[in-house]
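Single-structure report; data block below.
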Amino acid sequence: MFNFDQAASTPVHPDVIRTIAEVMQARSGNPSSIHRGGRDAAVLLERSREVCAAALGAPPEDGRIVFTSGATESNNLAIKGALLGRTDGRRHIVTTMIEHSSVYESCRQLEDFGFEVTYVRPRTDGTVSPESVLGALRGDTALVSVMHVNNETGAVQPVGEIGRRLKEADARVLLHVDGVQGFGRLPLDLARSRIDLYSVSAHKVRGPKGVGLLFVRRGVRLIPLLSGGSQEHGLRAGTENTAAIVGAAKAFRLAAEGRPERGRRLGELRALVVSEVRRHEGLKLTEPAETAPHIVHFTFPGLKSEVVLHTLEELNMLVSAQSACAAKTEKPSRVLTAMGMDREHATSGIRISLGDLHTEEDVRLLSEALGRAVSRLAPFEGRKR
Ligand code: PMP
């Protein structure tokens, strides 16, 4: 099987597996215990925090790293934590219609509790204009949440420009960025950005599942979603998974260090996949103005995503339809619908996502499989719905 669904998850790096096993064996203490067993684990935890801060380009004086169970939790904490922590009466959020479900549903839930949310529509290419985000600001806006890279289409959002203009317009509005698909693939310099809250997930960059982090800029007040002990700066109660966190920190460091080379390599492989998709008349490439190097998205109007996905699976190629978190729904993609696609297009999206271990030969085999799938399926176009 060839795994071309690396935006959903990535193979854990062998060094990370080794590190996790070593820490599990040698450091079984609870980092909150005050005896030596606890202190030894706490030292590893704090060192991991420093490693992660460096990987994000954020010096310790800029803010804090809060370890979570993944980016879903980081996004929930950023959004609900910020709104519930607000004491100045600001109860409005600006976000986009194409955010990951962990952002989107957090906003929806806050609406049930009386908060107000504006969901900005993207352009037809899947990018969001800074003007539309800025235009949605109100006097009572507390937070803007825009993802760096869309997990379905790969569209890169102008979070740098949004941050600069947002702070000029109203410095009291917080900016949250879901950086899950951007981190390790696109340049990031948190120190010089205007981002207040930034979420990432270890398993998207060859780390373990179940570990994520939230960068919280100095001075930003959040309410914890999990109450209990004072772990994680009082923002996330519960005994930390020291071994997995140390492994995740290693994965984040490797992802940051290898970023320029990875970005170049993935970009080259992406260009090969794109030229293959373009060769087939029935396939419609989704072409955002700026794209992440690891994602290719196309639609096969007339055929449901699942049919194409399973045909490729029979040919040993794993790809995805919508994001993994939405994959089990039959509905048209929320993201593609927001981009203005009709039902026929929005139910036929396919995402191919590339990773570190892919070679040109793998991409050649994928291209062949794609060609075979298209010729197998073309006679059924329009009849399968
Ligand atoms: N945001 C984006 C953009 C994602 O792609 C994902 C993973 N599907 C998440 C958030 C959630 O991350 P996790 O799996 O760590 O909860």
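Would you be able to tell me the number of residues in segment 184-210 that are more than 13 Å from the chain's Cα centre (by Cα), among the aliphatic types (A, V, I, L, M) and within 14 Å of the ligand (Cβ to nearest atom)?
1
Here's the yes/no breakdown for (1) assigned to a loop (DSSP other than H, G, I, E, B); (2) among the β-branched types (Val, Ile, Thr):
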residue: Gly238; (1), (2): yes, no
residue: Val246; (1), (2): no, yes
residue: Arg262; (1), (2): no, no
residue: Glu268; (1), (2): no, no
residue: Val274; (1), (2): no, yes
residue: Gly282; (1), (2): yes, no
residue: His297; (1), (2): no, no
residue: Leu303; (1), (2): yes, no
residue: His310; (1), (2): no, no
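Can you spot a residue in segment 241-250 that is away from the ligand (no atom under 16 Å from the Cβ) and among the charged types (D, E, K, R)?
Yes, segment 241-250 contains a residue that is away from the ligand (no atom under 16 Å from the Cβ) and among the charged types (D, E, K, R).
Collect the residues in segment 148-183 that are under 11 Å from the mean Cα position of the chain (by Cα) and in a loop (DSSP other than H, G, I, E, B), keeping them in residue-number order.
His148, Asn150, Asn151, Glu152, Gly154, Gly179, Val180, Gln181, Gly182
Filter segment 1-20 down to the residues that are away from the ligand (no atom under 16 Å from the Cβ) and either in contact (Cβ under 8 Å) with a residue 40 or more places away in the chain or buried (at least 20 other Cβ atoms within 10 Å of the Cβ) (or both) and list them by number.
Within segment 1-20, Met1, Phe2, His13, Asp15, Ile17, Thr19, Ile20 qualify.
Considering Gly57, Gly38, which residue is more than 30 Å from Met339 (Cα to Cα) and more than 24 Å from the chain's Cα centre (by Cα)?
Gly38
Values in this text are rule-based calculations from the coordinates and carry no lab data. All of these numbers come straight from a predicted model, not from anything done at the bench. Note that each Cβ is placed from the backbone with ideal geometry, even for glycine, and that neighbours are counted across all protein chains shown.
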